[in-house]
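Asker: Below you'll find the structure I mean.
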Amino acid sequence: MARQTFWKGYLKLSLVTASVSLTPATTESNKVRFHVLNRKTSNRVESRYVDSVTHKAVSGKEQVKGYPKGEDDYVILEDDEIEEVGLESTRTIDIDTFVPRGSIDWIWYDKPHFLAPEDKVGIEAFCVIREAMRANNVVGIARLVLYRRERAVLLEPQGKGIILWTLHYGNEVREPVAHLDIDTKVDNKVLAMMKRLVKEETKEWNVSMVQDPIQKRLKTMIRNKTKSLKQAAPAKKRPPIKSTGNVINIMDALKKSLAAEGEKPRSPRSH
């Protein structure tokens, strides 16, 4: 299936410019989605904006954005006023600085996108920017209007293309846990067993590790219902786990885990 381009513009570094397109690197198109229906009529239920006081429906042309400055008191902003902000970064990714690759912690990364040259004329400019970043082991930082907001973005060479990551705003990332008991000593025997368990559980990365089993089960359920047109049997409830009230000894847990690993048939590892 061809990827759907949702943004076109220009990649710029100083005087070097390339025409580019942007495509989200992830998709939710395979996710099971439901409509809300009226149980009695099976008609779809519509969602509408209504006035909170009069309870009357408000049409789109009568809706306006308001910033609350007090109780029932708002600063009104028209759409054209909001759109005037950050127009310079609407169609141009202007790289204005570089930082060492890997110097930005993963928690700042938001959404990945594929950046690619849009025409033959821009291929050379696109490639020279990509290779210059790769040679210096850096990533580019720029600003771009996406999803109706101006965002800081990170550009990272990957293979023949460039990955563009939107970055979280500074006020979106919380401070890390302030107090950790770093003086706790780890028992050497426990650590040795834990290292062994980790080694036994280490495998080559595979995309199957991040599959969504719930979506798969939902699709199977829908398929079966479609075929039979009968009410599906209610899912079996798992018996509640009885708490013993005791904290499990970590050494005992590790011994049981390693014993269970030893009983599993080992698959040959690829090297």
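The values are calculated or read from the model by the stated rules, or taken from the named source; none is laboratory data. Remember, predicted model here, so these are calculated numbers, not experimental data. Positions of Cβ are backbone-derived with ideal geometry, glycine not excepted, and every protein chain shown enters the neighbour counts. When the accessible area is computed, the model is the full protein with side chains, heavy atoms only, and any ligands, DNA or RNA have been set aside. Shrake-Rupley method; radii C 1.70, N 1.55, O 1.52, S 1.80 Å.
Asker: If I ask for residues that are aliphatic (A, V, I, L, M) and open to solvent by less than 40 Å² (accessible area, probe 1.4 Å), which ones from the range 154-178 would you list? Explain how you work it out, then say what you get.
Answerer: Quick first cut of the range 154-178, residues aliphatic (A, V, I, L, M) only: 154-155, 162-164, 167, 173, 177-178.
Selection gives Leu154, Leu155, Ile162, Ile163, Leu164, Leu167, Val173.
Asker: Among the listed residues Ile107, Ile123, identify the single one that is in contact with a His (Cβ under 9 Å, 6 or more places away or on another chain), open to solvent by 60 Å² or more (accessible area, probe 1.4 Å) and on the phi < 0 side of the Ramachandran plot. Walk me through it before giving the result.
Answerer: Numbers: Ile123 fails: in contact with a His (Cβ under 9 Å, 6 or more places away or on another chain).
None of the other options fit; the residue is Ile107.
Asker: Could you tell me whether the range 23-39 includes any residue that is part of a loop (DSSP other than H, G, I, E, B), within 30 Å of Ile93 (Cα to Cα) and of a type in the set (Asp, Glu)?
Answerer: Within the range 23-39, the first condition is being part of a loop (DSSP other than H, G, I, E, B), and the residues that meet it are 25-36, 38-39.
Next, from what is left, pick out any that are within 30 Å of Ile93 (Cα to Cα): 25-29.
With the extra rule that they be of a type in the set (Asp, Glu), the set shrinks to 28.
Yes, there is a match, as at least one residue in the range 23-39 is part of a loop (DSSP other than H, G, I, E, B), within 30 Å of Ile93 (Cα to Cα) and of a type in the set (Asp, Glu).
Asker: Please go through the range 135-145 and pick out each residue that is surrounded by fewer than 20 Cβ atoms within 10 Å (Cβ to Cβ) and either more than 20 Å from the chain's Cα centre (by Cα) or among the aliphatic types (A, V, I, L, M) (or both).
Answerer: If the condition is that a residue be surrounded by fewer than 20 Cβ atoms within 10 Å (Cβ to Cβ) and either more than 20 Å from the chain's Cα centre (by Cα) or among the aliphatic types (A, V, I, L, M) (or both), then Ala135, Asn136, Asn137, Val138, Ile141, Val145 are the ones that fit.
Asker: While we're looking at this one, here's another question. Could you check, for the range 108-117, whether at least one of its residues is of a type in the set (Lys, Arg), modelled with pLDDT under 85 and closer than 17 Å to Arg151 by Cβ? So that I can check it myself, show each step before the final result.
Answerer: Of the residues in the range 108-117, the ones of a type in the set (Lys, Arg) are 111.
Remaining after also requiring modelled with pLDDT under 85: none.
Among the residues of the range 108-117, not one is of a type in the set (Lys, Arg), modelled with pLDDT under 85 and closer than 17 Å to Arg151 by Cβ, which makes the answer no.
Asker: Of all the helices (runs of 4 or more DSSP H) wholly in the range 188-270, which have at least 3 residues that are over 30 Å from Thr27 (Cβ atoms), at pLDDT 75 or above and charged (D, E, K, R)? Quick ask: steps written out before the conclusion?
Answerer: Values: elements: 188-200, 213-228, 250-263.
The helices (runs of 4 or more DSSP H) meeting that bar are 188-200, 250-263.
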